[in-house]
Amino acid sequence: MQIKGENTMLGQYLLQELKTHTEASDDTLVICDGITEEDLPSLSNYKNIVYISSHEVYSPEAGEDVDETRPTFAWSETGKRHARAELLLEKHCAQNSQTLTIVRPAIMFGNGVDGPMLHLFNRVVRGHYVHVRGNNAKVSLVTALDTAKAIIAIAGTPGIFNISDGTPHRWIDIVEAMTANIGTQKRMTHLPEKWIRFIYRWFGRLPIVEECLSPQALEPLSRTCVLTNKKIKEATGLTFHNTKEVISRTDKTYPYQN
C-alpha cells in the first residue's frame with residue numbers, strides 16, 4: 001500500500017499501522033492530501049485507489065443518522081474541493097478499470113491534529129471559549145488511529161464509506177473533554193444568546209470578544225451533522241473508540257502515545 005500525503009496526520013497513522021499489516025497490497029494507493037486533474041496520470045500503476053474525502057461534503061446541518069446515500073451539499077472550500085475530487089476520480093477510475101474507495105471521515109483527532117480543531121483546542125486551553133446556553137448541537141468524531149485501521153481494512157472494496165465512532169457528540173462535551181486532556185475537566189462558561197449578541201454588538205472590536213463571541217466563532221458550533229458508521233462496521237467488523245473519551249484520556253483501551 002502506497003500513501004500520497006504521508007506527512008499528514010492520517011498519513012502518519014497509516015504508516016504506523018502498515019508496520020503490522022505486511023499483507024497490504026502494493027497495488028493500492030491511498031490519497032490523503034487531495035487530487036487534481038494533473039495528478040491523474042500518476043495513478044495508472046495502481047489497481048485500487050482509496051480517496052480520503054471529508055464529512056464536509058455533507059451539509060453542516062444535515063442532522064443525525066447521515067449515511068452514504070445522503071446527497072452531498074458541500075458548503076466549505078474544503079468540502080467543495082473534496083466533492084470535485086470525488087467526481088474526478090469516479091470518472092477516471094471507471095474509464096481505467098480501477099477500484100475506487102471513497103472514505104468520508106468525521107472530524108478526526110490524534111497526534112498532529114491541525115486546522116479548526118487545533119484552533120478550538122487552543123481557545124479552550126486559553127479560557128477563550130464561551131458556550132451559548134441551550135446549544136445542544138452534535139457532531140461526529142473519530143480517532144485518526146481508527147480511521148487508519150478502517151482504511152487498511154476497506155481498501156480494494158468499491159464504494160463510499162463514512163468513518164466515525166458512531167456516537168453523537170455534543171460540542172459542549174467535546175470542549176470540556178479538551179480541558180480534561182490538559183489536566184482537570186472544567187465546566188465552560190454558558191451565556192444566554194441575547195447576552196452574547198449584546199456584548200458582541202458593543203465590544204466586538206476587542207480581540208478577545210471577537211475570538212469568543214463572533215458569529216464566525218459560534219456558528220460552526222451550533223450545527224448538527226452526525227454520520228452513521230453502520231456501513232463501515234458491517235464491511236470490516238471493526239469497533240471504534242469513543243473519541244470524546246480519547247480526548248479526555250478516559251478511554252482505558254486506547255494506546256496513547258504521550
(request) Answer yes or no as to whether LYS4 is crowded, with 19+ Cβ neighbours inside 10 Å, without any contact (Cβ under 8 Å) to a residue 40 or more places away in the chain and among the charged types (D, E, K, R). (result) yes
(request) Pick out the one residue from GLU64, GLU56, GLU77 that is in contact (Cβ under 8 Å) with a residue 60 or more places away in the chain and either under 21 Å from ASP33 (Cα atoms) or surrounded by fewer than 19 Cβ atoms within 10 Å (Cβ to Cβ) (or both). (result) GLU64
(request) Would you be able to tell me the number of residues in the stretch 8-35 that are in contact (Cβ under 8 Å) with a residue 24 or more places away in the chain and either among the acidic types (Asp, Glu) or out of contact with any strand residue (DSSP E or B) (no Cβ under 9 Å at 6 or more places or on another chain) (or both)? (result) 7
(request) Give just the number: which of (1) polar (S, T, N, Q); (2) open to solvent by 30 Å² or more (accessible area, probe 1.4 Å); (3) touching a residue at least 24 places away in the same chain (Cβ under 8 Å) does THR101 not satisfy? (result) (2)
(request) Among what's in the stretch 182-216 and is touching a residue at least 60 places away in the same chain (Cβ under 8 Å), part of a helix (DSSP H, G or I) and open to solvent by 50 Å² or more (accessible area, probe 1.4 Å), pick the residue that is nearest to ALA137 (Cα to Cα). (result) GLU193
(request) Answer yes or no as to whether GLY166 is exposed (fewer than 14 other Cβ atoms within 10 Å of the Cβ), closer than 28 Å to PRO255 by Cβ and of a type in the set (Gly, Ala, Ser). (result) no
(request) Considering only the stretch 1-54, state which residues are in a strand (DSSP E or B) and closer than 18 Å to LYS80 by Cα. (result) ILE31, TYR51, ILE52
(message) Given (1) open to solvent by 10 Å² or more (accessible area, probe 1.4 Å); (2) modelled with pLDDT under 95; (3) under 25 Å from LYS252 (Cβ atoms); (4) in contact with a strand residue (DSSP E or B) (Cβ under 9 Å, 6 or more places away or on another chain), identify the lone condition not met by VAL175.
(response) (1)
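The values are calculated or read from the model by the stated rules, or taken from the named source; none is laboratory data. The structure presented is a predicted model; accordingly, all values stated were derived computationally and were not measured. Here Cβ is always computed from backbone atoms with ideal geometry, including for glycine, and neighbour counts include all displayed protein chains. To get the accessible areas, we keep the full protein, side chains included, count just its heavy atoms, and leave off ligands, DNA and RNA. Shrake-Rupley method; radii C 1.70, N 1.55, O 1.52, S 1.80 Å.
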